[in-house]
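Contents: one structure, followed by commentary.
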């Protein structure tokens, strides 16, 4: 696919079609990677995006229990006093 480089103010840039933006879930930012003579654009995802819905689903399925007890039987709490 050929894309023209266009003048944008004092800079130059490229325009991506709506189809490409939607297909690759590109919204506000992209990550630019320069690697072995290639320019790679990756959608920039927010850290922890989707965690809230995943946690809700885990809770609904009863999969949100502790894996490790938060108190051990042989734990000595007096040393923290």
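The values are calculated or read from the model by the stated rules, or taken from the named source; none is laboratory data. Model, not experiment: these values are computed from the prediction. Note that each Cβ is placed from the backbone with ideal geometry, even for glycine, and that neighbours are counted across all protein chains shown.
Restricting the search to the range 45-67, which residues are under 30 Å from residue 21 (Cα atoms) and part of a loop (DSSP other than H, G, I, E, B)? Scanning the range 45-67 gives 45, 46, 47, 48, 49, 50. Just so you know, in the range 14-54 the residues that are touching a strand residue (DSSP E or B) at 6+ places or on another chain (Cβ under 9 Å) and exposed (fewer than 10 other Cβ atoms within 10 Å of the Cβ) include one that is modelled with the lowest pLDDT, and it is 25.
Residue under question is residue 26, and the condition is that it be assigned to a loop (DSSP other than H, G, I, E, B) and touching a helix residue (DSSP H, G or I) at 6+ places or on another chain (Cβ under 9 Å); does it hold? Answer is yes for this residue.
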